[in-house]
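Below: one structure, written as structure tokens.
None of the figures in this text is laboratory data; all of them are computed from the coordinates on show. Everything numeric here is computed off the predicted structure, so don't read it as measured data. Neighbour counts are summed over all protein chains in view; Cβ atoms, including those assigned to glycine, are modelled from backbone coordinates with ideal geometry.
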Amino acid sequence: MLKLSVNGALEVARLAMSQRCDANTLTHTYRFRCLTQQPQQLLMANLVNLTPGTLTLRISCDALYIHILHHHPRVEAQLKVLESRIAGLYGLKHESWEHEP
């Protein structure tokens, strides 16, 4: 966790200090599919924060609001996989999104 936090901080610092800003920022709303309890949602929010260039802005009862520095088309699919894995930790029934293209 410490390594991921440091790597994320270094990436953001590098971007802030660079002459050429190539950020593709976006505020993304991710709707929870199977994490319904606050502790489950909080775990996902904290794991998202460990991803370099992302910051959880807010958690509501059914969604996670995330600021992303380098948005790409696979963000939604990656968030689904993360939610699926967290659901598995809690023993929740869920769809597996592991094999989405």
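Using the Karplus equation 6.51 cos²θ - 1.76 cosθ + 1.60 (θ = phi - 60°), what ³J(HN,Hα) coupling, rounded to whole Hz, does each residue of segment 51-59 give in order, writing x for Gly and Pro?
Listing the rounded values in order: 6, x, x, 10, 8, 6, 8, 7, 10 Hz.
Looking at the chain only, what percent of DSSP beta bridges run antiparallel? Nearest 5 please.
90 percent
Report, to the nearest 10°, how far helix 2-17 tilts away from the longest principal axis of the Cα atoms in the chain, using its own Cα long axis and a range of 0 to 90°.
Relative to the chain, helix 2-17 is tipped by roughly 40 degrees.
Using helices alone, what [θ] at 222 nm do you get for the chain, with -39,500 (n - 2.57) per DSSP H run of 4 or more residues, divided over all residues and rounded to the nearest 500?
After summing the helix terms and dividing by the residues of the chain, the value is -14000 deg cm²/dmol.
What does the charge dipole of segment 2-89 about its Cα centre add up to, to the nearest 20 debye, if the Cβ of each Lys and Arg holds +1 and the Cβ of each Asp and Glu holds -1?
I would put it at about 100 debye.
What is the set of long-range amide H partners of H70 at a cut-off below 5 Å, with H atoms built 1.01 Å from backbone N?
N24
Which whole-Hz couplings ³J(HN,Hα) result when phi for each residue of segment 32-40 is put into the Karplus expression 6.51 cos²θ - 1.76 cosθ + 1.60, θ = phi - 60°, listed in order with x for Gly and Pro?
5, 9, 9, 8, 10, 8, 4, x, 5
Taking only C-alpha pairs under 8 Å that are 6+ residues apart, what is the relative contact order of segment 2-89 in percent?
Relative contact order, segment 2-89: 35 percent.
Give a residue-ordered list of calculated ³J(HN,Hα) values for segment 62-68 (Karplus: 6.51 cos²θ - 1.76 cosθ + 1.60, θ = phi - 60°; whole Hz; x for Gly, Pro).
After applying 6.51 cos²θ - 1.76 cosθ + 1.60, I find 10, 8, 10, 9, 10, 8, 10 Hz.
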